[in-house]
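Here the structure comes first, spelled out in structure tokens, and everything after it is commentary.
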Amino acid sequence: MSGVKTRFAPSPTGYLHIGGARTALFCYLYARHHGGSFVLRIEDTDRERSTEESTRAILDSMEWLGLHWDEGPHFQSRRTEIYREHVEKLLQAGRAYRCDCPPELLDAKREIALKTHGKVMYDGRCRDRTDVDPAAPHVVRFRGPRTGQTVVHDLLRGDVVFENADLDDLVLLRSDGGPMYNFVVVVDDILMGITHVIRGDDHLTNTPRQIQLYEALGSPLPRFAHVPMILGEDRKRLSKRHGATSVESYREAGYLPEALVNFLVRLGWSHGDQEIFSLEQLIDLFDLDGVGRSAGVFNPEKLLWLNAHYLKECPAERLQALARPFLEARGYDVSDGRKLVVLVEVLRARAPTLADLAAQAAPYYEREVSLDPAAAGKFLTPEAAPLLRELAELFRAAPEWAPEALEPPFRELAERRGLKIGKLAQPLRVAVTGSTASPGIFETVFLVGREWTLERLARAAGLAESGGPAPAA
RNA sequence: GGUCCCUUCGUCUAGCCCGGCCUAGGACACCGGCCUCUCACGUCGGCGACACGGGUUCAAAUCCCGUAGGGACCGCCA
């Protein structure tokens, strides 16, 4: 085991979203690649917004993606005492102070500052006061250095320099005694022995203050790597209004975890021209030097392509198991195992997601099919009627109902009539599926089943004789 | 507004650190051919980018400076 230890620290205020999942993936891969360990920590210090339901959803999504953690989940809400002790230490050491500025006053100052000079920061009013009543409501602030610079040695961006004068004294403890994010992160990362803090670059400007806290707490620094963010099509930070952004929603839409993992890792990381990676390969290949510096736009089409790819690669048995719940969700009876096997095999190249696959299964599991009028007009013609009747006879007499068994008599009929396969297949296809597009004609007829095939053929022949589809009832 | 980050095809990216192998490569999407009972898959081909302006150099996507554009953060949220 190397010394590497990374962590993923989501706040349970919603589902695991795409951006968080990618950060988690990077942390996971980095730890695994270096033979280190990966910690999961739930940052639920905001009691108002944190829910158990979110925590469960996040854990579920992590497991579904295959990002297994070695330690945790730790819950910050259960570590309040630890944080208080550290605040106390800072207070004793003179590295923190009590501040009783009323929030309304702070808000007002912020507003004025924004309008006049744009430097929005706490003015340090209480920094040198000694008369703040510890019994009255107050917050505890960090006493940051006023001069000099703090530099973040970022593994991805090099040295990023901040003037200490631009950094105000952040709140460590709220007036209700609850600790604040920037503080607990540091305390926990120290206590948990995190060696590499890998997170979104929206945290980059927090980092100098966190570094000051490490120093005040007398602890060595971890290495930092701020990875680029994921943007929506409008190039704004990806959020709910961009549509489906939770890992869960992709799972429900019939995406495979390996597709999502593959997609996420390639958003910001690359390995030459390679596009397809298994999780095992990623563990082998992933490192920070392949990670870029610029934000990337979420591209649903590429995700879809990857999903289609993995659907095509998926072992048959697993694919059947994956497809089953999607079919059942539509109310389909999938107890016929042979039918399911064929269905999944013929639809996997035609459906980019499991949900699409289930939707395309409609003609084979629903008694009523909708007839595309354009298709009917073109193929269910009076000339086609006798052919459809002959096909019905042929299928009625078929000794065995299997795609391979249906083919020879069909071909014989075509030959006898001097017709190309297509001339016979298209009217048949429209008759049994209602549309001009479907899998191979023999598989299609097999999937429709003998009973429904005869039923639909009879109806279509009737329609064809009368010169086209009846007007809508 | 202040601070910080970023900038190669529409999108994800290779190349940049260590200038010439770049006529800038790959992938998604899009367009067309082939395959073919339809659709899809597959396959072959096409379209398409170094943000701009200055330098440095025999030579710059690659190094330097400036400009523009985009983003993040600026909370008793995380």
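Quick check on my filter: what residues within the stretch A:37-71 are under 22 Å from the mean Cα position of the chain (by Cα), touching a residue at least 60 places away in the same chain (Cβ under 8 Å) and open to solvent by less than 60 Å² (accessible area, probe 1.4 Å)? Write out each step before concluding.
The initial filter retains those residues of the stretch A:37-71 that are under 22 Å from the mean Cα position of the chain (by Cα), namely A:38-44, A:49-70.
Narrowing further to those that are touching a residue at least 60 places away in the same chain (Cβ under 8 Å): A:39, A:41, A:43, A:57, A:60-61, A:64-66, A:69.
Listed by number, the residues that qualify are A:Val39, A:Arg41, A:Glu43, A:Ala57, A:Ser61, A:Trp64, A:Leu65, A:Gly66, A:Trp69.
So A:Leu238 ticks every box in (1) within 15 Å of RNA strand B (Cβ to nearest atom); (2) in contact (Cβ under 8 Å) with a residue 12 or more places away in the chain; (3) open to solvent by 40 Å² or more (accessible area, probe 1.4 Å); (4) of a type outside the set (D, E, K, R) but one. Which box is left unticked?
The failed condition is (3).
For the stretch A:436-451, which positions are in a loop (DSSP other than H, G, I, E, B) and open to solvent by 40 Å² or more (accessible area, probe 1.4 Å)? I'd like the intermediate steps shown before the answer.
The first filter runs over the stretch A:436-451 and keeps only residues in a loop (DSSP other than H, G, I, E, B), leaving A:436-440, A:449.
Listed by number, the residues that qualify are A:Thr436, A:Ala437.
Quick one: count up the residues across the stretch A:268-300 that are among the polar types (S, T, N, Q), more than 18 Å from the chain's Cα centre (by Cα) and farther than 18 Å from A:His226 by Cα. Reasoning before the result, please.
If we filter the stretch A:268-300 for residues that are among the polar types (S, T, N, Q), which is where we start, we get A:270, A:274, A:278, A:281, A:294, A:299.
Next, from what is left, pick out any that are more than 18 Å from the chain's Cα centre (by Cα): A:270, A:274, A:281, A:294.
Remaining after also requiring farther than 18 Å from A:His226 by Cα: A:274, A:281.
Total meeting the criteria: 2.
Within the stretch A:128-156, restricting attention to residues that are open to solvent by 30 Å² or more (accessible area, probe 1.4 Å) and basic (Lys, Arg), which residue is nearest to the chain's Cα centre (by Cα)?
A:Arg143
How about the stretch A:344-373: which of its residues are surrounded by 20 or more Cβ atoms within 10 Å (Cβ to Cβ) and among the small types (Gly, Ala, Ser)?
Within the stretch A:344-373, A:Ala351, A:Ala358, A:Ala361 meet the criteria.
If I filter the stretch A:181-192 down to residues being open to solvent by 40 Å² or more (accessible area, probe 1.4 Å) and more than 9 Å from RNA strand B (Cβ to nearest atom), which single residue comes out as farthest from A:Arg157 (Cα to Cα)?
Result: A:Leu191.
Can you run down the residue pairs with Cβ atoms below 6 Å, 6 or more apart or on separate chains, where the first is in the stretch A:105-123 and within 8 Å of RNA strand B (Cβ to nearest atom) and the partner is among the aliphatic types (A, V, I, L, M) and open to solvent by 80 Å² or more (accessible area, probe 1.4 Å)?
Close Cβ pairs (under 6 Å, with a partner that is among the aliphatic types (A, V, I, L, M) and open to solvent by 80 Å² or more (accessible area, probe 1.4 Å)) amount to A:Val120/A:Leu114.
Can you find, within the stretch A:416-471, the residue that is nearest to RNA strand B (Cβ to nearest atom) among those that are among the acidic types (Asp, Glu) and more than 15 Å from A:Glu368 (Cβ to Cβ)? Please lay out each step first, then the result.
Our first condition is that a residue be among the acidic types (Asp, Glu); within the stretch A:416-471, this holds for A:443, A:451, A:455, A:465.
From what's left, more than 15 Å from A:Glu368 (Cβ to Cβ): A:443, A:465.
On the way: A:Glu443: 7, A:Glu465: 23 Å.
Filtering the stretch A:416-471 for residues that are among the acidic types (Asp, Glu) and more than 15 Å from A:Glu368 (Cβ to Cβ), the one nearest to RNA strand B (Cβ to nearest atom) comes out as A:Glu443.
For the stretch A:141-154, does any single residue satisfy the condition of being in a loop (DSSP other than H, G, I, E, B), near RNA strand B (Cβ under 10 Å from one of its atoms) and over 25 Å from A:Phe75 (Cβ atoms)? Give the derivation first.
Just the residues of the stretch A:141-154 that are in a loop (DSSP other than H, G, I, E, B), to begin with: A:143-148.
This time we only want the ones that are near RNA strand B (Cβ under 10 Å from one of its atoms), so: none.
No, the stretch A:141-154 contains no residue that is in a loop (DSSP other than H, G, I, E, B), near RNA strand B (Cβ under 10 Å from one of its atoms) and over 25 Å from A:Phe75 (Cβ atoms).
Can you tell me which of A:Arg389, A:Arg330 is modelled with pLDDT of 95 or more and among the basic types (Lys, Arg)? Step through it out loud before you land on a result.
Numbers: A:Arg389 fails: modelled with pLDDT of 95 or more.
Checking each option against the conditions leaves just A:Arg330.
Can you give me the number of residues within the stretch A:81-103 that are more than 24 Å from A:Arg41 (Cα to Cα) and either within 13 Å of RNA strand B (Cβ to nearest atom) or of a type in the set (Gly, Ala, Ser) (or both)?
9
Sort through A:Thr207, A:Thr245, A:Thr195 and tell me the only one that's without any contact (Cβ under 8 Å) to a residue 60 or more places away in the chain and open to solvent by less than 50 Å² (accessible area, probe 1.4 Å).
A:Thr207
Taking the condition within 14 Å of RNA strand B (Cβ to nearest atom) and either within 19 Å of the chain's Cα centre (by Cα) or over 26 Å from A:Ala358 (Cβ atoms) (or both), does A:Val247 pass? Don't jump to the end; show me each part of the working.
Details: within 14 Å of RNA strand B (Cβ to nearest atom): no; either within 19 Å of the chain's Cα centre (by Cα) or over 26 Å from A:Ala358 (Cβ atoms) (or both): yes.
Answer is no for this residue.
Among the numbered criteria (1) open to solvent by 40 Å² or more (accessible area, probe 1.4 Å); (2) part of a loop (DSSP other than H, G, I, E, B); (3) not β-branched (Val, Ile, Thr), which single criterion is violated by A:Gly94?
A:Gly94 satisfies all of (1) open to solvent by 40 Å² or more (accessible area, probe 1.4 Å); (2) part of a loop (DSSP other than H, G, I, E, B); (3) not β-branched (Val, Ile, Thr) except (1).
Picking from A:Phe224, A:Phe183, which residue would you name as being part of a helix (DSSP H, G or I) and under 33 Å from the mean Cα position of the chain (by Cα)?
On the way: A:Phe224 fails: part of a helix (DSSP H, G or I).
Selected residue: A:Phe183, the only one of A:Phe224, A:Phe183 that is part of a helix (DSSP H, G or I) and under 33 Å from the mean Cα position of the chain (by Cα).
Which of the strands (runs of 3 or more DSSP E) contained wholly in the stretch A:1-80 include at least 3 residues that are within 14 Å of RNA strand B (Cβ to nearest atom) and more than 28 Å from A:Gly292 (Cα to Cα)?
Working: elements: A:5-8, A:37-42, A:71-75.
Because the criterion is at least 3 residues that are within 14 Å of RNA strand B (Cβ to nearest atom) and more than 28 Å from A:Gly292 (Cα to Cα), the strands (runs of 3 or more DSSP E) in the stretch A:1-80 that meet it are A:71-75.
Looking at the stretch A:374-408, which of the residues that are surrounded by 15 or more Cβ atoms within 10 Å (Cβ to Cβ), without any contact (Cβ under 8 Å) to a residue 60 or more places away in the chain and more than 48 Å from the chain's Cα centre (by Cα) is farthest from A:Ala458 (Cα to Cα)?
Per the criteria, the residue is A:Leu394.
Within the stretch A:280-316, restricting attention to residues that are touching a helix residue (DSSP H, G or I) at 6+ places or on another chain (Cβ under 6 Å) and aliphatic (A, V, I, L, M), which residue is most open to solvent (accessible area, probe 1.4 Å)?
Taking the candidates together, the pick is A:Ile283.
What number of residues in the stretch A:317-361 are touching a helix residue (DSSP H, G or I) at 6+ places or on another chain (Cβ under 8 Å) and acidic (Asp, Glu)?
So the count comes out to 2.
The values are calculated or read from the model by the stated rules, or taken from the named source; none is laboratory data. Every value quoted in this text rests on a predicted model; they were computed, and no experiment measured them. Don't worry about glycine lacking a Cβ; one is built from the backbone with ideal geometry, like all the others, and counts go over all protein chains shown. All accessible areas refer to the heavy atoms of the entire protein, side chains included, with ligands and DNA or RNA removed. Shrake-Rupley method; radii C 1.70, N 1.55, O 1.52, S 1.80 Å.
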